[in-house]
Each structure stands twice: as structure tokens, then as C-alpha cells.
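Working notes for the structure below.
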Amino acid sequence: MSTTTTAATPVAGTGPSTAALQKMAGRYDGPRDIGDQLRLATALAGAKNAVPEMYLGNAGDILAAIYQAMALDVSVMTALQQFTYNKGKSGMSGALMLALIIRAGHRVEHVTEPSDKKVHMRLVRCDDQPDGETSWTLAEAAVAKLTNKTIWQMYPSDLLYWRCVSRLARRFAADVVQGFGYTPEELSSINVDDVDSAAIEVREPDPDVVAFLSGMDDPETGARWDHAATTKKWKASLAGLLRESSK
């Protein structure tokens, strides 16, 4: 197993340079007075070319982004360019996650060289919190039905890279990303409010497993195990867990 240390520089072709990442993780530079913040938000809402389209004429969302910039201690323009929203949930670009991890003094290593099929990373923390490693594979992307998208067919290594960064951030640097550990693509795919327990696909167990479990009695009621009823309860339980995890 090879290990490549990337304290601040992603591999060629996968992301910004060290200097760009450090600049991106610059400190908050906006106003702190609510009146000044409102005036800034109103002015930026009229900036037709300098801010993302979703902010045009929308001073309220810009004000929210300013507060998020304060919370993460990044510049206002970084927040406007690197944050994303979906039904009240917030996320950020993988590049900003990596920049914040680096700014916090932690180190990211490539356990193996990133490829078009797999990216495997390790986070080495500079404090007393546990290190960790994780990966993101093209097989996972296929299961998530991402590989049929044109961008995934064109840039699989890049997209695997940033997915791996966000997973690493959520699992081992939650204190750094403060709950904003989802990339724009991930955030757009989360729609748990529309989860229908009846529509959740449940894989049927093998016939011999069903036969074995069917012979089991409930020790409390004496009733025999009902596969159909158990499956229905499992679907409802899974839907509840999905909704709860999104809060």
C-alpha cells in the first residue's frame, strides 16, 4: 500500500493549488453590524455577474450566506461562490472543505493514487481527535445512478476525489465543516421529504432463509413470523431513519 501526503495540494488535475486553497480559506472580511450587513446583501443582490444567479434580487439568501461566512470564518465572496442550498439544507464545495481542513492544521493523505475507479484518503488530525480514512469508488457511483451523467463519464476521477473529500470531512472533521459537509451534487440528491416507505426497494431473502424464519415463533405472543408484515414494518422504519438523519 502506498501513501502520498497531500497536506495542502491535491493531485494534478483534481483541484486547486496550495495557494488557491489557502486563499479560499481566508478569514471573514464582511461587516458585523446588522445594518451594514443588510446594505451589503441588498447591494450584492443587484450584482448581475459577480454572484451566482440564485442570489440575484435575493438579499435574504445573501444575508444568510453572510452569517454562514461568519460561522466558518471565511470571506463573504467565498461563501457566495462556494456554498449551495437545497430546501433549507446547506452544503459547500469539496474544495472549500479541503481548504478548511488544511487551515485547521490537519493533513490529508492519499492512501493510494486517485484513479478513475477509486479514491482512498486518510485524514491525520493535529489534535487529540481520532484520525480516519475512507474511500469513494466508481462502483458506489454506479449504485447511486451517477455514472449515467455526462459529467461523471467525462471527469470520473475529479468527482470521485471530491466525493471522497466530503465523506472524509463528515466522518472525521465534522468540527471543521460544522454540518455543511455535503457537496452541491450530494445536496441536490437528498430529498428525504419525498421518501415513500412503500416505494423503498427491499431485497427479498433467499427461500431457505424465509423457510427457516417462518418456523420461528414470537416468544411473547406465540405468533409465527410473518415475512410480509416484517417487510412492511422494515420499510416504514427505514423511511423514518432516512428522515431523521436529514435533520
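Every read-out reported here was derived from the displayed coordinates using simple, explicitly stated rules and does not represent laboratory data. Bear in mind that the values here come from a model prediction, so they are computed numbers and not experimental data. So basically every Cβ, Gly included, is an ideal-geometry build from the backbone, and we count neighbours across all protein chains shown.
For segment 141-165, list residues with backbone N below 20 Å from a point placed 7 Å from the Cα of E133 toward its Cβ? Once the point is set 7 Å along Cα→Cβ of E133, 160-165 turn out to lie under 20 Å by backbone N, inside segment 141-165. For segment 103-176, the equivalent ellipsoid derived from the Cα gyration tensor has semi-axes of 25, 11, 10 Å, listed largest first. Computed 3J(HN,Hα) for segment 52-65, one whole-Hz value per residue from the Karplus formula 6.51 cos²θ - 1.76 cosθ + 1.60 where θ = phi - 60°, is x, 4, 5, 8, 4, x, 10, 5, x, 5, 5, 4, 4, 5, glycine and proline marked x. Residues whose amide H lies under 5 Å from that of K118, counting only those 5 or more places away or on a different chain, are L138; hydrogens are built 1.01 Å from N in the peptide plane. By the beta-carbon count within 10 Å of each Cβ, the least crowded to most crowded order of E185, E53, fewest first, is E53, E185. The H on the amide N of E133, modeled in the peptide plane, is under 5 Å from the matching H of L123, each at least 5 residues off or on a different chain. Remark: the V124-A47 segment gains 23.7 nm on full extension, using 0.36 nm per residue and subtracting the alpha carbon distance.
In this label model, S90 and R171 are separated by 2.6 nm, measuring between points 7 Å along each Cα→Cβ vector. Compared with the direct C-alpha span, the chain from D116 to M54 gains 19.1 nm at full extension, assuming 0.36 nm per residue. Couplings for segment 29-41, taken from phi via the Karplus curve 6.51 cos²θ - 1.76 cosθ + 1.60 with θ = phi - 60°, read 10, x, x, 10, 7, 4, x, 5, 5, 5, 5, 5, 4 Hz in order; Gly and Pro are left as x. Can you give me the Cα centroid spacing of segment 90-166 and segment 42-60 in angstrom? Comparing the Cα centres of segment 90-166 and segment 42-60, I get a distance of 31 Å.
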